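Heads up, the thing below is written out as structure tokens.
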Amino acid sequence: MLRPRDAVKSLPLYHPPLAGREGLRLDFNENTVGCSPRVLACLRELSGEALARYPENQPAEALAAGHLGINSEELLLTNGTDEAIHLLCETFLEPGHEVLIVVPTFSMYEIYAAATGAKVIQVPAGKDFAFPFDELLARITANTRLIAIANPNNPTGTLVPCDLLLKIARRAPQSALLVDEAYYEFSGETLLPRWRDVPNLFIARTLSKAYGLAGLRVGMLAGPRQHIEAIRKVSSPYSVNAVALACLPAALADQDYVRHYVEQVCHGRAELERELEELRIPFWPSRANFVLMRLGALSSAFISGMRKRGILVRDRSSDFGCQGCVRITLGTLAQTEQLLAALRQTVEEIKVAEANLA
Ligand SMILES: Cc1ncc(COP(=O)(O)O)c(C=O)c1O
């Protein structure tokens, strides 16, 4: 009888709550207004003939490499960062290897790594989600083949200094270090200028967040030439489709659009953090386009109260160390105003309900 491999059988099903997302969607860390109008213009110009051909990815890859200031041989365009993670796991992992992740973090590292049969070792973040640098170094062994770090991290919004990341790479030369910079545009900090300092570092970027193209699925993986060549061998030459390849130049060219959106998000993030301080709701200062807060036993009531007001936020209670935590994505200035008004009303409503129960 046909059966999935054991490593696959024991995987949990990652089923993000994507159904019924009507309203202001502050639940998936997406761009809340959509991509640059230049990308939309490019979409409208696409011909049937362009879609009939197998997509040629080299020109877009050369352009993306130029955007990052690296050579084409050092870059792979991928079907979102998800595919970059998948390909790294396929290229470097086999049963018996070890993968280190710091939890809580983005779920796909564990899923793709565990699917290869490698052992995933979760290193818990410290108090207030402090990066457990010494603990992580202590878990590196001769079998470590991948260390995956989201920087800034999802769902906490915390950032690890570049020097620490380079030290980790140096302490594990037999391992790939993936620094996932999906939220780079919101933190402004990147390891990219220093990535040649070590021979085992990979940096992932995506157009899914600041660029507003989560539905188009474009990721960029930068890494040492000989390793990118190996990764290319396990990837499909067509995984980034013709529509995405056609739109990529317009997306990267419109940096004014990205800058303007990022400014609004960062402004909103400061406003939300100020509001949470005032309301005495614990939160973790964020460097990404979202803020994680702890509402404890009131988190479910908060999430439904916000939904009632047309705003979707994300329950992160099931993540390690995040019981009672809710993550809220920031958008434009007007959306932040709408968010703050709904947040005040919802918190007030919950307090009244709680007082009535007491
Ligand atoms: C840290 C991190 N990496 C990667 C992704 C997924 O990126 P993509 O849409 O490019 O696959 C996410 C999405 O939430 C994320 O939080």
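Things worth noting here:
- Pick from the stretch 23-40, criterion more than 16 Å from the ligand (Cβ to nearest atom) and surrounded by 18 or more Cβ atoms within 10 Å (Cβ to Cβ), ranking: nearest to Phe106 (Cα to Cα): Leu24
- The number of residues in the stretch 6-55 that are part of a loop (DSSP other than H, G, I, E, B), modelled with pLDDT of 95 or more and over 21 Å from Tyr183 (Cα atoms) comes to 5.
- Filter result (in contact (Cβ under 8 Å) with a residue 40 or more places away in the chain, over 19 Å from Ala148 (Cα atoms) and either among the aromatic types (Phe, Trp, Tyr) or within 16 Å of the ligand (Cβ to nearest atom) (or both)) within the stretch 218-243: Val218, Ser235, Tyr238, Ser239, Val240, Asn241, Val243
- Test: residue in the stretch 200-216 that is away from the ligand (no atom under 15 Å from the Cβ) and at pLDDT 95 or above: yes
- Against the list (1) out of contact with any strand residue (DSSP E or B) (no Cβ under 7 Å at 6 or more places or on another chain); (2) under 21 Å from Asp319 (Cβ atoms); (3) not polar (S, T, N, Q), the condition Gly117 fails is (2).
- Residues of the stretch 149-178 that turn out to be within 14 Å of the ligand (Cβ to nearest atom) and closer than 16 Å to Arg139 by Cα, as a count: 1
- Exactly one residue out of Glu189, Glu110 is within 22 Å of Pro285 (Cβ to Cβ) and surrounded by fewer than 22 Cβ atoms within 10 Å (Cβ to Cβ), and it is Glu189.
- Taken together, Glu189, Glu181 contain a single residue that is acidic (Asp, Glu), modelled with pLDDT of 95 or more and away from the ligand (no atom under 11 Å from the Cβ), which is Glu189.
- Members of the stretch 80-108 that are within 11 Å of the ligand (Cβ to nearest atom), touching a residue at least 40 places away in the same chain (Cβ under 8 Å) and assigned to a helix (DSSP H, G or I): Gly80, Thr81, Asp82, Glu83, Ala84, Ile85, Met108
- Which listed residue, of Arg171, Arg145, Arg194, Arg139, is modelled with pLDDT under 95 and basic (Lys, Arg): Arg194
- Residue satisfying all of: in the stretch 115-164; among the charged types (D, E, K, R) and not in a helix (DSSP H, G or I); farthest from Cys89 (Cα to Cα) among these: Arg139
- Of all the numbered requirements in (1) surrounded by fewer than 18 Cβ atoms within 10 Å (Cβ to Cβ); (2) within 11 Å of the ligand (Cβ to nearest atom); (3) charged (D, E, K, R), Arg196 misses one, and that requirement is (2).
The values are calculated or read from the model by the stated rules, or taken from the named source; none is laboratory data. Note that the structure is predicted; figures quoted are calculated from it, not measured. Note that we place each Cβ from the backbone using ideal geometry, even for glycine, and neighbour counts take in every protein chain shown.
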